[in-house]
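Dropping a structure here in structure tokens format, bear with me for questions.
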Amino acid sequence: MPERYWPETVILWGAGATKSLGLYATKELIQLVIKINKNDFSFLENKNEKLKNAFKKLVIEDLTKDSKLSKIYDLKALATIINTNTKLNMHELFTMLDQLIENGMGFNAFCNGKTEFLRVERIIGAKRCLILLIEELERLSVQSSPGYMDEELVNPYYQFSKILTELMKEEAKCFEDRGYKRDTRRFYLYSYAIVSFNWDPILLWNIFNAHKEENDNPMYMKDGLKLRLFDDFGTRIASTEIGKDESEIWYTSDESQCKRVNDYKYPSRIVRIGKILFPHGVFGSRICPECGKYITTFGAKWDRLSTEVFGPSVFGGLQKNWKYKTKKECEYRRGAIECPYCGQVTYPYDMPLIMQTLAKKRSIPPLEEIKTEMGLLMKNAKHIIFAGYSLPFDDIMVKTFFMSSISGNDKSKLKCTVVNFDENYSSDVEWLKNEEIEKYIKSNKDKSVVECIENVCDIFNIQNVRISLKGIPDVFMENGKCSKDKIIDLLYPKEYFQEGFPVERD
Ligand SMILES: [Zn+2]
């Protein structure tokens, strides 16, 4: 019998989960891009002065006047395309750009009283520019002072990560007591997994930091071995080591290492591992244009409030703390990361991000691998949490992927939690169920929340769905602090896991 253990709870992490940090949702991003094209920077009004000026300089000077940059990231072409129809949404805009690029076609634009023809090369530049603006806007959105996130805003996510780490320690102890063998999935695989549909690495960075603090001061297992906690990205990603000045190649850990390290014949330490996947890509990652490998960077130092984890910016002022390490990086700058495999220089436009588009996507092998892993996680989960992730109702591909992933599950057993936010909904009820869900749908208070719930109820059995409208992080906060009990109730509710936490693995 092969090992059939998989994380019991899968958390689908979406834009709604990071809204309280200031990150923009797709809908807002397109509005901002339209404003930027009109030279309207009013949205930066309350921003730190240095950051505000840096962003303006990027748009007005670098992307408009710099002879090299303005060709690579073609802001003028993007503005021309958007000006022909400012009602475009992001989904439509990306689909249109992709269609033109795929067909090798240009774009004829009538604006300001005349027509202008953009050749396909400029459409490619416009798409690069759009992705760059999205990355820079998101990086800017979380900075309260240059280079740093706001401690107070990040705190709930940090506490959440600390408690998750605490729970995985408790699980280790309990699984060991139950006699689960440490070189099997039954022992080493976390009972939770995270699938982030956001490109921002903030939750990941907080979990990394919480793990590091634990690993620096580890718990001892029964035979005197230290416990170490790591993350598996569902594919191999190369990087350079955090906290080291050298640019020597370094790898994120994965399950195969875990299996080796936990070998009973060579006891050295005991590793447990959690899955954290970015099926749509993550800021700071690159596909090397020469060797094709997937690489990333987490910055140079362990500072949980630093924005370095977003990777280098094309403009230094927007990523103040970034230090280029290698000779080539220092020479080329502008967001350069040297590939640790082949030494080729990569730039922000080598960043593989999956955008919502109906055009046929060029397959990106490492992201395909992550998607396969995500399908397996969904297929084998007992409990799926939609944490601020709304099934995009205009993207039928996503909904059908979810449907086919869980089609083999016994629907009467598969449980689902939805955490969404409706500011107009106030009730003492912690979790909406059955009739309360139907009542809420009928009241039709917040259209997008209702649509998300309806989509979820199309896929899952409504009897197995519970809903919170408090949003993230409020769903697990109590008196201004992250509550361990609430996190256990969120991830391992008693009504779904009769044995409670830690879960039983038969
Ligand atoms: Zn390379």
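Each value in this text was obtained by applying a stated rule to the coordinates, not by laboratory testing. These numbers were taken from a predicted model, which means no experiment stands behind them. Neighbour counts are summed over all protein chains in view; Cβ atoms, including those assigned to glycine, are modelled from backbone coordinates with ideal geometry.
Kindly check whether there is at least one residue in the stretch 245-266 that is buried (at least 22 other Cβ atoms within 10 Å of the Cβ), within 18 Å of the chain's Cα centre (by Cα), within 19 Å of residue 368 (Cα to Cα) and not aromatic (Phe, Trp, Tyr).
Looking through the stretch 245-266, none of the residues is buried (at least 22 other Cβ atoms within 10 Å of the Cβ), within 18 Å of the chain's Cα centre (by Cα), within 19 Å of residue 368 (Cα to Cα) and not aromatic (Phe, Trp, Tyr).
Please find, within the stretch 317-328, the residue that is surrounded by the fewest Cβ atoms within 10 Å (Cβ to Cβ) out of those that are touching a residue at least 60 places away in the same chain (Cβ under 8 Å) and in a helix (DSSP H, G or I).
The selected residue is 317.
Go through the stretch 291-310 and give me each residue that's within 16 Å of the ligand (Cβ to nearest atom) and either of a type outside the set (A, V, I, L, M, F, W, C) or under 16 Å from residue 278 (Cβ atoms) (or both).
292, 293, 294, 295, 296, 297
Return the only residue of 87, 47 being part of a loop (DSSP other than H, G, I, E, B), in contact with a strand residue (DSSP E or B) (Cβ under 9 Å, 6 or more places away or on another chain) and among the basic types (Lys, Arg).
47
Here's another thing I want to ask about it. Inside the stretch 1-44, can you point out the residues that are in a loop (DSSP other than H, G, I, E, B), within 15 Å of the chain's Cα centre (by Cα) and more than 29 Å from residue 61 (Cβ to Cβ)?
If the condition is that a residue be in a loop (DSSP other than H, G, I, E, B), within 15 Å of the chain's Cα centre (by Cα) and more than 29 Å from residue 61 (Cβ to Cβ), then 14 is the only one that fits.
List pairs: first residue in the stretch 250-269 and at positive phi and among the basic types (Lys, Arg), second residue surrounded by fewer than 11 Cβ atoms within 10 Å (Cβ to Cβ) and assigned to a loop (DSSP other than H, G, I, E, B) anywhere in the structure, Cβ distance under 9 angstrom, at least six positions apart or on different chains.
Here the result reads none, with nothing in the stretch 250-269 linked to a residue that is surrounded by fewer than 11 Cβ atoms within 10 Å (Cβ to Cβ) and assigned to a loop (DSSP other than H, G, I, E, B).
Looking only at the stretch 275-298, decide whether some residue is farther than 20 Å from residue 365 by Cβ, in contact with a strand residue (DSSP E or B) (Cβ under 8 Å, 6 or more places away or on another chain) and not in a loop (DSSP other than H, G, I, E, B).
no
Results for (1) in a strand (DSSP E or B); (2) in contact with a strand residue (DSSP E or B) (Cβ under 8 Å, 6 or more places away or on another chain), shown as yes or no for each residue.
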| position | (1), (2) |
| --- | --- |
| 227 | yes, yes |
| 230 | yes, yes |
| 235 | no, yes |
| 239 | yes, yes |
| 246 | no, yes |
| 250 | yes, yes |
| 256 | no, no |
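Looking for whichever is β-branched (Val, Ile, Thr), surrounded by fewer than 17 Cβ atoms within 10 Å (Cβ to Cβ) and in contact (Cβ under 8 Å) with a residue 60 or more places away in the chain here; the options are 18, 26. Which one fits?
The conditions single out 26.
Okay, moving on. What are the residue pairs meeting all of these: first residue in the stretch 279-308, first residue at positive phi and in contact (Cβ under 8 Å) with a residue 24 or more places away in the chain, second residue within 13 Å of the ligand (Cβ to nearest atom) and not acidic (Asp, Glu), Cβ atoms under 6 Å, and 6 or more apart or on different chains?
Listed by first residue and then by second, the contacts come to 284/296.
Test of understanding: among 135, 170, which residue is surrounded by 20 or more Cβ atoms within 10 Å (Cβ to Cβ) and in contact with a Pro (Cβ under 8 Å, 6 or more places away or on another chain)?
Going through 135, 170 in turn, just one is surrounded by 20 or more Cβ atoms within 10 Å (Cβ to Cβ) and in contact with a Pro (Cβ under 8 Å, 6 or more places away or on another chain): 135.
Would you point out the residue of the stretch 315-326, among those that are under 21 Å from residue 243 (Cβ atoms) and over 23 Å from the mean Cα position of the chain (by Cα), that is farthest from the ligand (Cβ to nearest atom)?
That would be 323.
Counting just the residues of the stretch 151-177 that are in contact (Cβ under 8 Å) with a residue 40 or more places away in the chain and charged (D, E, K, R), which one comes out nearest to residue 48 (Cα to Cα)?
Among those that are in contact (Cβ under 8 Å) with a residue 40 or more places away in the chain and charged (D, E, K, R), it is 151.
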